[in-house]
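Following: one structure in structure tokens, then a few remarks.
The values are calculated or read from the model by the stated rules, or taken from the named source; none is laboratory data. As the structure is a prediction and not an experimental result, all values here were calculated from the model. Virtual Cβ from ideal backbone geometry, glycine too; neighbours counted across all protein chains shown.
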Amino acid sequence: MVLAGASSLICGVFPDVHAEEHNAFSSLRDALVHVGQFKEAGRPRLDMWLGTGFFVDERCTVATAKHLFNEANKESIIIRFIDPRNRQKAWTRRAKIIYEDPDKDLAFLKVLVASGKPCELGLMKTLPLHRHLEDFSLLSGETVFIAGFPKLGHGDLDLPIARRGIIASAEIKDADGVSLLLLDLTGAPGFSGSPVVLEKGGQAVGIVFGPGHMKRSQDFEFATIITQKDYEMFMKDRID
């Protein structure tokens, strides 16, 4: 088991990977999770995929985009992730929403453990969050990657995919005055909730939420800014 104490729902099969390059993608892929919901029909089985998330601590906390759950059954959330020991396998676990930010497109999930014991991350990795973002405008022009599980063609691609671009602007705000990142790259449905990772340093600075009111033909995506401070504020009053 990769996540100790968690009961398995589904096991998936992935293409064999014979060698990994040591780059930004290979460093972050073991923190990625595919977020979906299941339906009860005799045994729990997949209903639909919702988007992407990523582990942010050793307690199996997942950060993702809040809007993934706008029309979802919040009592039937699952995450699936590739086993780092064998990339032909994947594990699926039930999860619950433990926080939805009232102002930003940000949510945190927790893996449910059938035994009631604390969840342990095992061989999965956490993605570090940026600690120093006093002036968001300094991010403009930085090269970034996003990585997630996009819908391509007529179906969901249950395989981690990366895209590369730059932060076109870090000075944009939404109608409520919340700061956003404008990314010079083209996304796809399913990338929502994906981490925006700096090429230099490998830290996550944002979470993809999509093109907003623009068309994807304009080759831009928006992202919610996330920092270590967001995580610490969320964790401050939690007792698990």
Of the residues in the range 101-133, those that are surrounded by fewer than 14 Cβ atoms within 10 Å (Cβ to Cβ) and among the acidic types (Asp, Glu) come to 103
Selection over the range 57-84 where residues are without any contact (Cβ under 8 Å) to a residue 60 or more places away in the chain and more than 19 Å from residue 115 (Cα to Cα) yields a count of 8
Contact list, first residue from the range 109-122 and in contact (Cβ under 8 Å) with a residue 24 or more places away in the chain, second anywhere and outside any loop (DSSP other than H, G, I, E, B) and among the polar types (S, T, N, Q), beta-carbon distance below 7 Å, six or more apart or interchain, is 109/64; 110/61
Just to be sure before I move on: is residue 158 closer than 26 Å to residue 46 by Cβ and either of a type outside the set (Val, Ile, Thr) or in a loop (DSSP other than H, G, I, E, B) (or both) in the structure I sent? yes
Screening 192, 169, 179 for residues that are under 19 Å from residue 100 (Cα atoms), surrounded by fewer than 24 Cβ atoms within 10 Å (Cβ to Cβ), of a type in the set (S, T, N, Q) and not assigned by TED's automatic domain parsing to the domain that holds residue 56 leaves only 179
The residue that is farthest from residue 226 (Cα to Cα), considering only those in the range 126-141 that are in contact with a Ser or Thr (Cβ under 6 Å, 6 or more places away or on another chain) and part of a loop (DSSP other than H, G, I, E, B), is 140
For the range 49-87, the count of residues that are of a type outside the set (S, T, N, Q), loosely packed, with under 13 Cβ neighbours inside 10 Å and farther than 25 Å from residue 202 by Cα equals 3
Note on the range 189-205: residues over 14 Å from residue 68 (Cα atoms) and in a loop (DSSP other than H, G, I, E, B) are 199, 200, 201, 202, 203
